[in-house]
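> Have a look at this one.
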C-alpha cells in the first residue's frame, strides 16, 4: 500500500510495487488508507507512508494503525523528504525509512525484506 498525497509519486511507487509482485493500492491520505485497511479482507504486506499529507498526516495514521491489533502488524516504511526522516521513522516505530526522491533499489530492498 502507498499512502501519499502527491499523485505522481503515488503512481510511481505503486508501479514499482506491482512490478515486484505486490498487489498494490494507493491512498491520498491517512484517513482514506485507514478506511481501506479496515474494510478489506486482503491486507498489504507493507505500507509506504508519506508524512506530510492533508486531512490525516503520516504521524496520525501511524498512531491509529498502532492502536489496531490487526493493522499494527503491517510493517511501515516511511518515505519522506524530511531532513530528519530517520528520527521521524524511529519515533513512529517504522520498519525503515527512504528519503525522497526514492531510489528504486531502496524500494525493491524494502519490498524483498517485508513482502
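The values are calculated or read from the model by the stated rules, or taken from the named source; none is laboratory data. All figures in this text were calculated on a predicted structure; none of them were measured in a lab. Here the Cβ is made from the backbone with ideal geometry for all residues, glycine too, and neighbour counts use every protein chain on show.
> Report, by residue number, each residue of the stretch 12-28 that is modelled with pLDDT of 95 or more and out of contact with any strand residue (DSSP E or B) (no Cβ under 7 Å at 6 or more places or on another chain).
25, 28, listed by residue number.
> Something else about it: Answer yes or no: is there a residue in the stretch 52-67 that is within 18 Å of residue 111 (Cβ to Cβ) and touching a strand residue (DSSP E or B) at 6+ places or on another chain (Cβ under 7 Å).
So the first thing to find is which residues in the stretch 52-67 are within 18 Å of residue 111 (Cβ to Cβ), and the list is none.
No, the conditions are met nowhere in the stretch 52-67.
> Give the stretch 36-58 a look and list any residue that's surrounded by 13 or more Cβ atoms within 10 Å (Cβ to Cβ), in contact with a helix residue (DSSP H, G or I) (Cβ under 8 Å, 6 or more places away or on another chain) and assigned to a helix (DSSP H, G or I), or say none.
Of everything in the stretch 36-58, those that are surrounded by 13 or more Cβ atoms within 10 Å (Cβ to Cβ), in contact with a helix residue (DSSP H, G or I) (Cβ under 8 Å, 6 or more places away or on another chain) and assigned to a helix (DSSP H, G or I) turn out to be 37, 58.
> I'm told residue 69 meets every condition in (1) at pLDDT 95 or above; (2) touching a helix residue (DSSP H, G or I) at 6+ places or on another chain (Cβ under 6 Å); (3) part of a loop (DSSP other than H, G, I, E, B) except one. Can you identify the failing condition by its number?
Checking residue 69 against (1) at pLDDT 95 or above; (2) touching a helix residue (DSSP H, G or I) at 6+ places or on another chain (Cβ under 6 Å); (3) part of a loop (DSSP other than H, G, I, E, B), the one that fails is (2).
> Among the candidates 12, 33, 24, single out the residue that is in a loop (DSSP other than H, G, I, E, B), crowded, with 16+ Cβ neighbours inside 10 Å and at negative phi. Don't jump to the end; show me each part of the working.
Details: 12 fails: in a loop (DSSP other than H, G, I, E, B); 33 fails: in a loop (DSSP other than H, G, I, E, B).
Within the list 12, 33, 24, the selection yields 24.
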